[in-house]
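Participant: One structure coming up, written as structure tokens, with questions to follow.
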Amino acid sequence: MDKRKIDIISIIAIVISIILSIIILLKDDISDYRLMKNKRYSLKEDIRKNSITLEREKNKAAGVLDMEKEVKGQNLFITKDKLVPYLINYVSILARRHRVEIVSLEPGSSIGDNTIRKTSFTAEITGGFPNAYNFLYHLEDDWRGVKIDSLSIDKDPENNSVNVRLKLIVLSLDKNKEDV
């Protein structure tokens with residue numbers, strides 16, 4: 001029996017030494033596998049985030065194209081005499097799209113020379129907060145010639161909406177018809 005115990009202990013020692021040798025030899029490979037698995041997960045997460053961003057930008061671009069169609073081919077160079085109707089049309093379309101109501105939109109002072117003009121407008125809108133926020137975001141972001149100079153927001157507790165008063169600065173270019 002002693003020989004049998006020695007044989008069993010020898011076999012167990014050989015198996016343990018083989019397993020330890022494999023673990024030691026594969027330690028770097030196992031570490032690399034875990035690292036690659038983590039990188040793969042990270043890349044999948046980046047792809048998911050980028051696809052969401054790409055879809056959002058596609059929707060935004062489609063919205064801008066729709067708005068450009070609605071404005072019906074207005075020239076990018078807005079002459080002084082066409083600025084007010086163009087801006088009213090633009091703001092009306094944007095307000096409809098974002099489900100806010102324009103309470104008032106009034107032109108203010110205008111400064112500049114014969115080429116570049118800076119005109120101020122005061123406006124008041126009302127609607128739900130997310131809609132008003134999206135309206136204001138797209139008002140500045142879609143057409144680079146419009147900047148919000150100041151704004152104030154009041155909550156209307158009766159109908160759960162906000163009232164936004166803002167001052168807009170609109171840049172316009174006067175170009176001779178020969179240059180266009």
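Participant: Out of the residues in segment 126-144 that are in contact with a helix residue (DSSP H, G or I) (Cβ under 8 Å, 6 or more places away or on another chain) and more than 14 Å from Leu166 (Cβ to Cβ), state the one that is modelled with the lowest pLDDT.
Facilitator: If we take residues in segment 126-144 being in contact with a helix residue (DSSP H, G or I) (Cβ under 8 Å, 6 or more places away or on another chain) and more than 14 Å from Leu166 (Cβ to Cβ), then Trp143 is modelled with the lowest pLDDT.
Participant: Now a separate question. Note down all Cβ pairs under 9 Å where the first residue falls in segment 112-123 and is under 12 Å from Val146 (Cα atoms), the second is acidic (Asp, Glu) and part of a strand (DSSP E or B), and they're at least six residues apart or on different chains.
Facilitator: Matching pairs, first to second residue: Ser120/Asp149; Phe121/Glu106.
Participant: Can you tell me how many residues in segment 111-123 are hydroxyl-bearing (Ser, Thr, Tyr) and surrounded by fewer than 15 Cβ atoms within 10 Å (Cβ to Cβ)?
Facilitator: Matching residues across segment 111-123 total 1.
Participant: Is it true that Ile153 is at negative phi, surrounded by 15 or more Cβ atoms within 10 Å (Cβ to Cβ), at pLDDT 85 or above and in contact with a helix residue (DSSP H, G or I) (Cβ under 9 Å, 6 or more places away or on another chain)?
Facilitator: no
Participant: Please enumerate the residues belonging to segment 90-125 that are more than 13 Å from Val170 (Cβ to Cβ) and touching a helix residue (DSSP H, G or I) at 6+ places or on another chain (Cβ under 8 Å).
Facilitator: Ile93, Leu94, Ala95, Arg97, His98, Arg99, Val100, Glu101, Ile102, Ile125
Participant: Something else now. Taking into account only those residues within segment 79-119 that are at pLDDT below 85 and under 27 Å from the mean Cα position of the chain (by Cα), which is farthest from Ser161 (Cα to Cα)?
Facilitator: Only one residue tops the list, namely Tyr86.
The values are calculated or read from the model by the stated rules, or taken from the named source; none is laboratory data. As the structure is a computational prediction, the values presented were derived from the model and not from experiment. FYI the Cβ positions are ideal-geometry reconstructions off the backbone, even for glycines, and counts take in every protein chain you see.
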